[in-house]
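The values are calculated or read from the model by the stated rules, or taken from the named source; none is laboratory data. Worth saying up front: this structure is predicted, and the values here are computed from it rather than measured. Positions of Cβ are backbone-derived with ideal geometry, glycine not excepted, and every protein chain shown enters the neighbour counts.
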Amino acid sequence: MFKRTIFATITRRCREQRRFIQVLAGPRQVGKTTLARQVMDELAIPNHYASADEPAPGDNIWLTQQWDLARLNARQGKEALLVLDEVQKIHRWADQVKLLWEEDTRNGTNLKVLILGSSKLLIEKGLSESLAGRFELIPVRHWPYSEMRDAFGMSLEDYIYFGGYPGAASLTSDRQRWARYITDSLIETSIARDILLMSRVDKPALLRRLFHLGCEYSGQVLSFNKILGQLQDAGNTTTLAHYLELLTSAGMLAGLQKYAGQSVRRRASSPKMQVLNTALLSAQKPYDLEAALANRDHWGRLVESAVGAHILNEIAGTDIECYYWREGNLEVDFILRRGTQLVAIEVKSGRSREILPGMEAFAKAFNPERKLLVGGQGIPIGEFLLSPITTWLDV
């Protein structure tokens, strides 16, 4: 449903009078290029597709050449569509796009532009610095359970274990082949080409260890000092916070901050690690699906991670924020905030936990509008994963 909505939105905007650059930003292998090609097929206008995801074209000459090819289409057919994929790999791409866009505006060239990028941080940086007021950003997230079920017939257990990568769905019958694809084509490529190649990372081994440790402890609160104590490559908490931001931008791993009602305390808290796609966790473990289901603690961790990933992917690009809450040995798994509205979510996954449920204590302290139990005798896991997050916020 989400991808169909994006397709309809992009198609409608590209048919409108040329006003804004359309920008799709999201992780690798979630369907950005497929969406763009579907839009190209749908629109009855000339189009040109070019990808910078090759061994580094890297400079503005390549970008200008592709733009000029699209301009020829626009002049011959009165209008045209240009699709630029992985544009963040071009040095100072936003400055050049701004220059070319404004040239077309002055000259009356009706060239519509769709930009795709897998590094949300770099895309947004370029947009805010050079293209303010000239773009519309459309976040593309990991596929939810509803889309993986409808497109590939995935069961709930399959989705919790194999996650939401559509390109890997056909490989799930061969667990080793599937795990190699996730590890080599997604994890390694995202780290090597979307983070290390495009951002300054002085300690790449530290970033890799942070990712693997974050996956290992998905669903748990870890202080950066504790993380440093488990890593061989020394660093500091500021470095780790930056590396975690890069991993979040690549759609791999996030760190939830503690809700405390005060923004200063939230920023200073230890993060709760959260994979953004459970495939990133399962592929690095020795368990196949049957073994994972048999291991109560591991399956419980996967369930909690699937719920967290669903929440974070659903709220991408919205005004909804997600936190966790902990006080002493009491914890609430997820806190959703939209404006002054709070929703507290407790996940009952079946795994043994040292931290006690803290819903009652949180309710006394912050008076949330809703207190939800997911799993157990509460909202079924499948129902929660099939529902938009706004379902639980619309009181």
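Remarks
- Residue within segment 67-88 that is surrounded by fewer than 14 Cβ atoms within 10 Å (Cβ to Cβ), part of a loop (DSSP other than H, G, I, E, B) and modelled with pLDDT under 85 present: no
- Segment 33-66 - residue that is charged (D, E, K, R) and modelled with pLDDT under 90 and, of those, surrounded by the fewest Cβ atoms within 10 Å (Cβ to Cβ): 54
- Check on residue 244, in the same structural domain as residue 311 (by TED's automatic domain parsing), of a type in the set (A, V, I, L, M) and surrounded by 14 or more Cβ atoms within 10 Å (Cβ to Cβ): yes
- Candidates 343, 347 - the one that is crowded, with 19+ Cβ neighbours inside 10 Å and either modelled with pLDDT under 90 or more than 16 Å from residue 305 (Cα to Cα) (or both): 343
- Flag for residue 229 being surrounded by fewer than 20 Cβ atoms within 10 Å (Cβ to Cβ) and modelled with pLDDT under 90: yes
- Once segment 1-24 is narrowed to residues that are outside any helix (DSSP H, G or I), modelled with pLDDT of 85 or more and not β-branched (Val, Ile, Thr), the residue that is surrounded by the most Cβ atoms within 10 Å (Cβ to Cβ) is 24.
- Within segment 175-229, being small (Gly, Ala, Ser), under 18 Å from the mean Cα position of the chain (by Cα) and part of a helix (DSSP H, G or I) holds for 185, 190, 192, 214.
- Any hit, segment 108-116, residues being surrounded by fewer than 22 Cβ atoms within 10 Å (Cβ to Cβ), over 23 Å from residue 317 (Cα atoms) and not assigned by TED's automatic domain parsing to the domain that holds residue 83: no
Condition check ((1) on the phi < 0 side of the Ramachandran plot; (2) over 26 Å from the mean Cα position of the chain (by Cα); (3) modelled with pLDDT of 95 or more) across all residues:
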site	(1), (2), (3)
352	yes, yes, no
356	yes, yes, no
379	yes, no, yes
382	yes, no, yes
386	yes, no, yes
391	yes, no, no
